[in-house]
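Student: Next up is a structure, given as structure tokens.
The values are calculated or read from the model by the stated rules, or taken from the named source; none is laboratory data. Predicted model only: the values in this text are computed from it and were never measured. FYI the Cβ positions are ideal-geometry reconstructions off the backbone, even for glycines, and counts take in every protein chain you see. Keep in mind that these areas ignore ligands, DNA and RNA; they rest on the heavy atoms of the full protein, side chains included. Shrake-Rupley method; radii C 1.70, N 1.55, O 1.52, S 1.80 Å.
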Amino acid sequence: MNLALFDFDGTLTHQDSFSRFMHYAVPWPRKLRYALPLLGSQLGYKMGLLTPKQGRANAVYLGLKGMDSEHYWRLGQHFATTVIPALLRNDTLTQLRWHQAQGDTVVVVSASLNTYLAPWCAQMGVMLLCAELAIQQQRLTGQHLGADCCNAEKARRIQEQFNLADYGRIYAYGDTTEDTEMLALATDPYWISPSTIHSFT
């Protein structure tokens, strides 16, 4: 039995689903209220002054803190069914389905949010390890629940969930440095460029 690990944004999609979800989910009054801090966070990320992890944390705090949790889940479900299909890459999605056809255990490992990844992965019949947001008294706190699922946290969660020695081959697919530790676990790592799947070995 083999294990196939897929990053989501930029690997299974051709653009960043997290940013698209934030644009989709954050109410306009809040966008206007926090326009300058949100813009500053976005520019800081693009200029390399903020890491992607810091950019996501700022966006979640400014954009989603205090949101009703039921509304958050409804937004995620709707996003999963109406927006994600248009973001998917045909080549890596075909690769995911090939692994399923081989009987491999397929897992999406992502720093994107479970509100939309959970329903999408359930529909696809694959497992999920991803970022989650903390909720208190049915409101989002604006913080992640535990560590953001990137870099070493990806590898930690994979090793916590799976005994890697049980698998004959471990495939991993990623497109950024946030996937480096996950790729290092694999017998068959693949680097995803905007147009091609490259062997990492």
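Student: Could you please tell me which pairs satisfy a Cβ distance under 7 Å, a separation of 6+ or placement on different chains, a first residue in region 145-170 that is within 15 Å of Ser110 (Cα to Cα), and a second residue that is open to solvent by 10 Å² or more (accessible area, probe 1.4 Å) and of a type in the set (Lys, Arg)?
Tutor: Asp148/Lys53; Asp148/Arg56; Cys149/Arg157; Cys150/Lys53
Student: Residue under question is Leu117, and the condition is that it be part of a helix (DSSP H, G or I), modelled with pLDDT of 95 or more and touching a Ser or Thr at 6+ places or on another chain (Cβ under 8 Å); does it hold?
Tutor: For Leu117, the condition - part of a helix (DSSP H, G or I), modelled with pLDDT of 95 or more and touching a Ser or Thr at 6+ places or on another chain (Cβ under 8 Å) - is met.
Student: Let me ask you something else. Report yes if some residue within region 112-135 is among the charged types (D, E, K, R) and more than 14 Å from the chain's Cα centre (by Cα); otherwise report no. Even if it seems obvious, please write down each step before you answer.
Tutor: Here is the first cut: in region 112-135, the ones among the charged types (D, E, K, R) are 132.
From the residues that got through so far, the ones that are more than 14 Å from the chain's Cα centre (by Cα) too are none.
No.
Student: Continuing with the same structure: Can you find even one residue in region 102-114 that is in a helix (DSSP H, G or I) and modelled with pLDDT of 95 or more?
Tutor: yes
Student: On to the next question. Could you go through region 57-77 and let me know if any residue there is at pLDDT below 95, under 15 Å from the mean Cα position of the chain (by Cα) and open to solvent by 20 Å² or more (accessible area, probe 1.4 Å).
Tutor: yes
Student: Another one. So, in region 120-152, of the ones that are hydrophobic (A, V, I, L, M, F, W, C), open to solvent by 10 Å² or more (accessible area, probe 1.4 Å) and assigned to a strand (DSSP E or B), which residue ends up nearest to Asp68 (Cα to Cα)?
Tutor: Ranking the candidates gives Ile135 first.
Student: Does region 22-37 contain at least one residue that is open to solvent by less than 40 Å² (accessible area, probe 1.4 Å) and within 15 Å of the chain's Cα centre (by Cα)?
Tutor: The answer is yes, given that some residue of region 22-37 is open to solvent by less than 40 Å² (accessible area, probe 1.4 Å) and within 15 Å of the chain's Cα centre (by Cα).
Student: A follow-up question, please. In region 176-197, what count of residues is obtained for those that are in contact with an Asp or Glu (Cβ under 8 Å, 6 or more places away or on another chain) and surrounded by 20 or more Cβ atoms within 10 Å (Cβ to Cβ)?
Tutor: Residues meeting the conditions: 4.
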